[in-house]
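Each remark here refers to the structure printed beneath this line.
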Amino acid sequence: DSADKGEYRHYMLKEIYEQPKVVKATMEGRLTGTSVLEQALGTEAADLLENVRHVQIIACGTSYHAGMVARYWIEDLAGVPCSVEVASEYRYRKHVIQPDTLFLCISQSGETADTLAALRQAKQAGFRAALAICNVPGSSLVRESDLVIMTQAGPEIGVASTKAFTTQLTALLIFTLALARHNGLSTEKETEIVEAIHLLPGQVNDVLALDGEIEEMSKAFMDKNHSLFLGRGSQFPVAMEGALKLKEISYIHAEAYPAGELKHGPLALVDSEMPVVTVAPNNDLLEKLKSNLEEVRARGGELFVFADQDAGVKPEEGLHVMQIPSVHEITAPIVYTVPLQLLSYHVAVLKGTDVDQPRNLAKSVTVE
Ligand code: G6P
C-alpha cells in the first residue's frame, strides 16, 4: 500500500501530482499538433457529430462539475445548446427531449447508480445516441454506451476525485472541438485551442510548483468553520469543485457562488471568520470580478485569490494573492482547478483528517 503511494504521504497528493502525465495521456492519439483527430473518437463519431443539435449531460459529484464546465465550452465553441443535470434529479422528473440530442454521461467509475439509471431511461426515451466519458474500461457505463471516450487517469484511489476531473475536462474539450468542427468552428480557432491544450501538462506542472506557498496559505483555513468560493463564467464550476474538495476532506463548510450573485445573499455572511477563495484568470469578466472582490474587502472579509499574473490583482492587507502563469481562457478551468485541490489537501492534512478516506463518503456510489 505505502509502496503504491511512492514518496507521497497520501494517494490524493500522488494523484494531484500525476495530473501533468495523465492529462497528456488523455490527449495522446486524439490530437495532432494543430487539430483534433476525430476518427480517434470512434468510427461513427463523424456521422454522429454531424447530426447532433443538442447535448444533455448527466453526472454526479465531481463529474457533474466537469459537465458544467463543458456546457460553457459546448455553447461557446460549437454553438450547440447544452443542458447539464445531476443524475439523481434527472432520473426522477419528466423531461422534454429536443430532437437529435446526444446523451452524454460523465463518470470516473462508470458504476454510479444514478448515472446508470439515467442512461438506461434515456435509451428508452429517443436520444440520438449515448456517449460516455469514463475512466474504467469494461465498466457498466462503457458497456452500455454507443460511443466512449476513455480518460487515461489510471486508477484513482483517493475518494476525493482529482486527476479524474482534469482528465474528464481534457476529454470534454477534445469532444467539444470535434463537435464544433461540424458547427462552423474555424480552422484557426481549432488550431489556437489545440495548441493551448498541448501546453496544459507544462502549465499544470508550473502550478504544482506553487505547492509550498499554497501549504502556507492553508494555515489560514485551519480554524475556520465556513468558507466561500467565487468564480465567474467557466470558472464558476471550478469554484464549485474547489468548495466540494474542501468539504469532502477537511469538513469545513464551503459554499460556491457565481461572483455576480454575491449581493443576492452571501455578502450577508462575509466577515473576518469567513475566508473567501476566488479564481481570477485574465478574461473579459476580470474587471467585474475585481469589483466583487472590493465588495468582500469592504465587509472585512479575508480574500484568497488565485489570479493570472497579468491580472493586476495586488496583495494588500486581507487580500492574499497567488499568481498563476498566464493561460488560454478556454483551458484555464483545468489549470485553476489544481491550486484549489492543493489548498484543500493541505487544510485537511493540518486538521488531521483521513484524507484518502473521508468519513461517510465512498469512492463510488453504486446504490441509491
Ligand atoms: C462519489 C465520489 C466522488 C465522485 C462521485 C461520482 O461521490 O466520492 O468523487 O465524483 O461519486 O462518481 P463517478 O464515478 O460517477 O464519477
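Values in this text are rule-based calculations from the coordinates and carry no lab data. Fair warning: this is a prediction, and the values are worked out from it, not measured in the lab. Quick reminder, even Gly has a Cβ in these numbers, built from the backbone with ideal geometry, and neighbours come from all protein chains shown.
Of all alpha-carbon pairs in region 304-368, indicate the percentage at a distance above 17 angstrom. So the portion of pairs separated by more than 17 Å is 59 percent.
Taking every C-alpha pair closer than 8 Å and separated by at least 6 residues, the mean separation divided by the residue count of the chain gives a relative contact order of 19 percent. Contact order for region 265-338, expressed relative to its length and based on alpha carbon pairs under 8 Å spaced 6+ residues apart, stands at 31 percent.
Of the residues ILE252, GLN309, ASN282, the one whose Cα sits farthest toward the positive end of the charge dipole of region 229-368, with +1 on the Cβ of Lys and Arg and -1 on the Cβ of Asp and Glu, is ILE252. Under 5 Å between amide hydrogens, built in the peptide plane, is the criterion, and for GLY231 it picks out TYR257, ALA259 among residues at least 5 positions away or on other chains. For the residue pairs LYS245/LYS314; LYS24/LYS247; LYS14/LYS351, the alpha carbons lie more than 24 Å apart in LYS245/LYS314; LYS24/LYS247.
Rounded to the nearest 5, the antiparallel percentage of DSSP beta bridges internal to the chain is 5%. With both residues required to sit in region 1-158, DSSP beta bridges show an antiparallel share near 5%. Across region 153-170, rounded Karplus estimates of 3J(HN,Hα) from the backbone phi angles (6.51 cos²θ - 1.76 cosθ + 1.60, θ = phi - 60°) give 6, x, x, 10, 9, x, 5, 6, 6, 10, 5, 5, 4, 5, 6, 4, 4, 4 Hz, Gly and Pro being marked x. Projecting the Cα atoms of ASN360, TYR90, LEU102 onto the charge dipole of the chain, computed from C-beta unit charges around the Cα centre, puts TYR90 farthest toward the positive end. The charge dipole of region 254-368, taken about its Cα centre with unit charges on the Cβ of Lys, Arg, Asp and Glu (plus for the first two, minus for the last two), comes to roughly 180 debye. Converting phi to 3J(HN,Hα) with the Karplus coefficients 6.51, -1.76 and 1.60 and the offset θ = phi - 60°, region 250-262 yields 10, 6, 8, 5, 9, 10, 9, 9, x, 3, x, 8, 3 Hz in sequence order, with x at every glycine or proline. Note on region 1-92: the alpha carbon radius of gyration divided by the globular reference 2.2 N^0.38 Å gives 1.42.
With charges only on Cβ, +1 for K and R and -1 for D and E, what is the dipole size of the chain about its Cα centre, in debye, rounded to 20? Don't jump to the answer; show the numbers that get you there.
Details: 32 positive and 49 negative charges, 172 e Å.
Here the size comes out at about 820 debye.
Between ILE97 and THR191, the simple spin-label model (points 7 angstrom out along Cα→Cβ) gives 4.1 nm.
Among the GluC sites (Glu not before Pro) within region 292-330, those in coil by DSSP and having at most 10 neighbouring Cβ atoms inside 10 Å are GLU317.
Set Lys and Arg Cβ to +1 and Asp and Glu Cβ to -1, take the dipole of region 148-201 about its Cα centre, and tell me which of ALA171, ILE197, LEU185 lies farthest positive. Selected residue: ALA171. The simple spin-label model puts a point 7 Å past each Cα toward its Cβ; for GLU287 and GLU368 those points are separated by 5.1 nm. Modelled spin-label separation between GLU50 and GLU215, with each label point placed 7 Å from Cα along the Cα-to-Cβ direction: 5.5 nm. Loop-resident GluC sites (Glu not before Pro) (DSSP state other than H, G, I, E or B) in region 5-96 with no more than 14 further Cβ atoms inside 10 Å of their Cβ: GLU7, GLU28, GLU44. With no solvent and one point per C-alpha, what does the Debye sum give as log10 I(q)/I(0) for the chain at q = 0.06, 0.09, 0.12, 0.14 Å⁻¹? Rounded to two decimals, the profile gives -0.21, -0.48, -0.87, -1.19.
Using the Kirkwood radius over Cα pairs, work out the Stokes-Einstein diffusion coefficient for region 149-304 at 20 °C and 1.002 mPa s, in µm²/s as a whole number.
122 µm²/s
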